[in-house]
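Asker: So that we are looking at the same thing, I have put the structure below in structure tokens.
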Amino acid sequence: MDFSYEPGRLFHETNGQLDAEILFPAINNGRTWSIDYTYVAPELRGQGIANQMLAQVVQLARDAEVTLQPMCKFARVAFGRNPEYQVLQEKG
């Protein structure tokens, strides 16, 4: 699935309806992105879409040389399971 990007947000819409979104506003003077919210429409769940969005955020963070702070439950669980993500986790 291809996602649209805005600073602090990846999302997907179908016919103007939001069906997937992850929010990651900048904190710590822009040095960290806080992954605050992940949403996938009920009819699309179970297809790995949230994982795709999170992987894209992680890559964007690597490219931007920022750390990540997983705040929403989905992100915390994913970070706990993925050592590659943990490397970027804000230690503060």
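All of the numbers you see were taken from the coordinates with simple rules; none came from a lab. If you're wondering where the values come from, they're calculated on a predicted model, not measured in any experiment. A quick note on method: Cβ atoms are made from the backbone with ideal geometry, for glycine too, and the neighbour counts reach across all protein chains shown.
Asker: Roughly what would the spin-label model give for residue 44 and residue 29, points 7 Å off Cα along C-beta, in nm?
Answerer: Using points 7 Å along Cα→Cβ, the separation is 3.7 nm.
Asker: As a footprinting exposure proxy, order 67, 14 by other Cβ within 10 Å, with the fewest listed first.
Answerer: Numbers: 67 17, 14 10.
So the ranking, lowest neighbour count to highest, is 14, 67.
Asker: Based only on other Cβ atoms within 10 Å, what is the fewest-to-most ordering of 21, 90, 43?
Answerer: Lowest to highest Cβ neighbour count: 43, 90, 21.
Asker: Within the chain, which is the longest segment that contains none of the trypsin sites (Lys or Arg not before Pro) sitting in a DSSP loop with at most 12 other Cβ atoms within 10 Å?
Answerer: Working: sites that count: 45, 91.
Longest site-free region, per DSSP loop and neighbour criteria: 46-90.
Asker: While we're on this one: Order these by the 10 Å Cβ neighbour count, fewest first: 53, 71, 1. Write down the numbers at each step before the final one.
Answerer: On the way: 53 24, 71 16, 1 11.
In order of increasing Cβ crowding within 10 Å: 1, 71, 53.
Asker: From the C-alpha coordinates alone, can you work out the Kirkwood hydrodynamic radius of the chain, in Å? Write out the running numbers ahead of the final one.
Answerer: Values: mean 1/r = 0.0755 Å⁻¹.
That comes to 13.3 Å for the chain.
Asker: Quickly work out the residue 37-to-residue 62 label distance, labels modelled 7 Å from Cα along the C-beta direction, and quote it in nm with one decimal.
Answerer: If labels sit at residue 62 and residue 37, their model points lie 2.8 nm apart.
Asker: Still on this model: Quick check: the angle from helix 49-64's long axis to the longest principal axis of the chain, C-alpha only, nearest 10 degrees?
Answerer: 40 degrees
Asker: Which value in nm describes the separation of the simple spin-label points at residue 81 and residue 14, placed 7 Å from the Cα toward the beta carbon?
Answerer: 2.3 nm
Asker: Would you mind counting up the charge near residue 4? Only other residues with Cβ under 14 Å from its Cβ, with Lys and Arg at +1 and Asp and Glu at -1. Each step should come with its number before you reach the end.
Answerer: Details: positive: 9; negative: 2, 6, 13, 19, 21.
Taking every other residue near residue 4 into account, the sum is -4.
Asker: Give me the percent of DSSP beta bridges within region 4-86 that run antiparallel, rounded to the nearest 5. Please list the in-between numbers first.
Answerer: Numbers: 15 of 19 bridges.
So the antiparallel bridges in region 4-86 amount to around 80 percent.
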